[in-house]
Structures are given as structure tokens and as C-alpha cells.
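Undergrad: My questions will all concern the structure given below.
The values are calculated or read from the model by the stated rules, or taken from the named source; none is laboratory data. For clarity, every value in this text was computed on a predicted model and none was experimentally measured. Quick reminder, even Gly has a Cβ in these numbers, built from the backbone with ideal geometry, and neighbours come from all protein chains shown. These area figures cover heavy atoms from the full protein model, side chains too; ligands, DNA and RNA do not enter into them. Shrake-Rupley method; radii C 1.70, N 1.55, O 1.52, S 1.80 Å.
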Amino acid sequence: MPQRIVVVGSGFAGFWAALSARRLISMQVEKGAAAEIEVYMIAPDPNLVMRPRLYESNPANMREPVDDVYRACGVRFVHGIVDTIHTANHEVEMVDRAGVRSTVSYDKLILAAGSRVVQPAIPGLEDHAFSVDQYEDAVKLDRHLQSLASIPSSKARNTVVVCGGGFTGIEVATELPARLRAILGDEADIRVITVERNQDIGHDLGPSPRPHITKALEDLKVETKLGTSISGVDAEGVTLSTGERIETLTAVWTAGVAATPLTKQVSEKRDNFGRLHVDGDLRVASVKDVFAAGDAASATADDGGHCVKMSCQHASPLGRVAGHNAAAELLGIAAFPYAQPIYRICLDLGATGAVVCEGWDPEVQYTGGDAKPIKQFINATLIYPPKAIATEAFAAANPAFDGTDPTINYPSLAAFIRDIKSRSK
């Protein structure tokens, strides 16, 4: 009977985990290895969602079909939602599109079911706020924004409140002025307001990029209300903790994320984001035969003890390593230890450009128009899946330096930019 690796989740981490596992298995088959190992991918969507781009316009186009890649590489995609994990029995329970429940056994499990934005118990938030967290959320917001053109002009129609001034909140807020002008016209008195509970915008990004973020918001006429929070949301506005009320038909919630709740069924040892603590091979330390990747994993990135961020930058390499190591364990091959010592921030600032930083204590390297091509290259090229050709897909799934991720392969941003320029010629 074949052994089986089950990957739960089809985001960047899950996608690359499945391909990386199949890569190693295929390599051993070519060498004459007798082990028969299946790789199952269980997820509700066979497409790879370009989640880092969901703040942009036209989010309906931010989903790439990858079923042909799975077929070319020998990954079996199973359309369904895993809602129960039985680690003691090496089984997961899933519900398919028809609502039929079934059980799938595994020899190795890779939990890569991602994360979701946290919605605290704020009155009206769940019923009236939008988000760009998941594909469906971003499409819903985009359709709502498009519908505003059919509504008579008013303060509420022309005002958008972005709830949260972190990475996602900044990208949403700086993108909105152009999106709203394209929908409502230049004559509309557009107002975009960012509400952030901390005293600083981009609090978690550090002080180095903040002046550039602040300047971009000022240039785009995006207002900020710092040191305050949202206390209520209704169909016609939001109320702040200060008691101030802002009339708006569009509140966008971007504050805070948490790992998939499936982590609770794997181990009690989780971090503040609900992520599973994993060892250097990305195995869940307290549970045999379970690996975690992407936003489900709390992994150490370097010898300095820095922990991975919940971002695409870390999700893809985590997936490659987890998939490789799950297969390696079944094949009796040495594991590939995870390490990602280089950390970079690339923040879109709408029409003003972008800002690129390097280091765990980020230092600005490029800003404005110089930084924008880097962000555009990452969003439009770098994060996209390979062609449905097994050799190309397996090469990209290599957990070692493979040239597809600048956070791994490029020792400096200068080298990365030289490569971008050479590709554009």
C-alpha cells in the first residue's frame, strides 16, 4: 500500500510543499528507489490566489489556475475543506463540495492552511465592514466600490475608512485614492481615512520607513487618526473610541491576523498568532509526523533567533522545505534544515511609488519611483506559479537556492535590481 503525504491548504506554502515533496520523490524514483509515495493536496480552491495583490484593483484576476501544474508533477488535488485532524490516528476529516464527509489517512501531514484576519467583537464589524484578506473578500469590496458610482454623491459615499495602519492597511489606503477616482471621477470629493490604534503609522515596520510612509499618505491626501480605534461599525458610518463618528459606506478592516484554527487540533504549543512551534526541519515539535508551513508555522529564520513573518516572503520557502522534509523522512534521506536569514520589506505606496527596506531592524534601501519596479516585479512576476512542465516546476520547488525568491537567492538588493533590469531588456 502506498505511503501518503497530505498537504492541507493551497496557498503559497501548500503549493510549494506539494511540489517540493513530489520533486524529491521523483528524484528517488529516477534513481531506482522502490518507495511508492502519494502526495495529496486538500483545499477548497484549486487555484493559487495572489493574496499579496488583493489590495489592488481588479482582484477577480488575482487567482491563477494550477491544476495543470499539479497534474504535470503528480500531485493529486482533492477538492474539499479539512475541518478535523486526528493526529493519534494519522487521519484528517474533510467535507467535499457536495457536502459529503470523508476521512483521509496520512503518513506525513503538512499543515499549510494559512491565516485569516482577526475580527474582534466590535458591534457591527462582521455585518458591515469589508476586507481584502481572502479572495472572496477582495472581490466583494471591489464590487462594492464599483457600485458607488450608481449612488448619489455624499460624504458617506465618497469616504472610505481603513481600519488599521499596518502593512496591509497602508497598501490599501495608498491604493484607494486612484481606485476611487477611476470609479467616481475627478470631481468627487474623495476622502480616505486610516485609523490606527498605535501612535505611529506602520508601527510594526519600524521607524526607518515611517517618514516615507507618512510623506506618501500626505501626498495622496490620505488622513490618519492615530492613537484611536474603531468602537462600532454600521451601514452608514464608523464610531471611534474617542466618540467621533465618520460617515462612510465603506469601512475596510485590516487589523490583525491569526493562524488557521486547525493548529489548535495539532498542539497546545502555539505562539500568540496561533502558529505551531516547529523545529529546524519544520516538524511540529510535540507531534510526530506533522509538519507546518506558511502562516501556520512559528519557525526560527536565522541564528539570531528571528521568527518568520506571516508573509508570502516566508511562506514559499517554508513550503519548499516542509514538503522536501516530509518526503525525505519517508525515503530515509537527510532533512534540509530551514533558514532564511535575509529579511526584506517591500511596501506599495500607491501612486507615490513604494519603499523597500532590508534587515530585521529594517533600513530603507529604495523609495518612491526607484522602489516601485521592485514591488511591481514581485507582484506581477515573482510570486506567480511555474509552467505546467514538471522539470521547470521541480526546479522552482528546490528548497535550496533556486533563483525564484530574492529573499533567498540574492545577497543584496542591488543584485536583485540588476536582475530585474536585465529581464526587462
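Undergrad: With under 30 Å from residue 18 (Cβ atoms) and either open to solvent by 10 Å² or more (accessible area, probe 1.4 Å) or in contact with a Gly (Cβ under 7 Å, 6 or more places away or on another chain) (or both) as the only criterion, which of 271, 234 stands out?
TA: It is 271.
Undergrad: Shifting gears a bit: For residues in segment 166-205 being in a helix (DSSP H, G or I), without any contact (Cβ under 8 Å) to a residue 40 or more places away in the chain and open to solvent by 10 Å² or more (accessible area, probe 1.4 Å), which is nearest to residue 247 (Cα to Cα)?
TA: 184
Undergrad: Which residue, of 292, 328, is at pLDDT 95 or above and surrounded by fewer than 23 Cβ atoms within 10 Å (Cβ to Cβ)?
TA: Just one listed residue meets the conditions, 328.
Undergrad: Quick one: residue 154 ticks every box in (1) closer than 18 Å to residue 254 by Cβ; (2) among the hydroxyl-bearing types (Ser, Thr, Tyr); (3) surrounded by fewer than 20 Cβ atoms within 10 Å (Cβ to Cβ) bar one, so which box is it?
TA: Condition (1) is where residue 154 drops out.
Undergrad: Criterion first (under 29 Å from residue 63 (Cβ atoms), touching a Pro at 6+ places or on another chain (Cβ under 6 Å) and not basic (Lys, Arg)) does residue 378 satisfy it?
TA: When the stated conditions are applied, residue 378 does not pass them.
Undergrad: Follow-up question, since we're still on this one. Tell me, which helices (runs of 4 or more DSSP H) wholly within segment 125-165 include 1 or more residues that are closer than 28 Å to residue 10 by Cα?
TA: Correct list: 125-128, 135-147.
Undergrad: Of the residues that sit in segment 209-219 and are touching a residue at least 60 places away in the same chain (Cβ under 8 Å) and open to solvent by 30 Å² or more (accessible area, probe 1.4 Å), which one is farthest from residue 255 (Cα to Cα)?
TA: 219
Undergrad: Testing residue 121 on (1) open to solvent by 40 Å² or more (accessible area, probe 1.4 Å); (2) part of a strand (DSSP E or B), one condition comes back false. Which one is that?
TA: The failed condition is (2).
Undergrad: Follow-up. Kindly indicate which of 242, 224, 254, 250 is within 29 Å of the chain's Cα centre (by Cα), open to solvent by 50 Å² or more (accessible area, probe 1.4 Å) and of a type outside the set (Phe, Trp, Tyr).
TA: 224
Undergrad: Does at least one position in segment 360-375 carry a residue that is within 30 Å of residue 327 (Cβ to Cβ), modelled with pLDDT of 65 or more and either under 22 Å from the mean Cα position of the chain (by Cα) or polar (S, T, N, Q) (or both)?
TA: No, segment 360-375 contains no residue that is within 30 Å of residue 327 (Cβ to Cβ), modelled with pLDDT of 65 or more and either under 22 Å from the mean Cα position of the chain (by Cα) or polar (S, T, N, Q) (or both).
Undergrad: Could you tell me whether residue 108 is touching a residue at least 12 places away in the same chain (Cβ under 8 Å), surrounded by 13 or more Cβ atoms within 10 Å (Cβ to Cβ) and under 24 Å from residue 221 (Cα atoms)?
TA: no
Undergrad: Is it true that residue 281 is in contact (Cβ under 8 Å) with a residue 60 or more places away in the chain and surrounded by 18 or more Cβ atoms within 10 Å (Cβ to Cβ)?
TA: So residue 281 fails the test.
Undergrad: Turning to a different aspect of this structure: Having 3 or more residues that are in contact with a strand residue (DSSP E or B) (Cβ under 6 Å, 6 or more places away or on another chain) is the bar; report the helices (runs of 4 or more DSSP H) wholly within segment 301-409 that clear it.
TA: 312-331, 368-377
Undergrad: Name every residue in segment 91-116 that is among the aliphatic types (A, V, I, L, M) and modelled with pLDDT under 95, in order of residue number.
TA: 98
Undergrad: Return the pair list, or none, for Cβ contacts closer than 7 Å from residues in segment 345-362 that are surrounded by fewer than 20 Cβ atoms within 10 Å (Cβ to Cβ) to residues that are charged (D, E, K, R), at least 6 apart or on different chains.
TA: Pairs that qualify, where the first residue is surrounded by fewer than 20 Cβ atoms within 10 Å (Cβ to Cβ) and the partner is charged (D, E, K, R), are 358/344.
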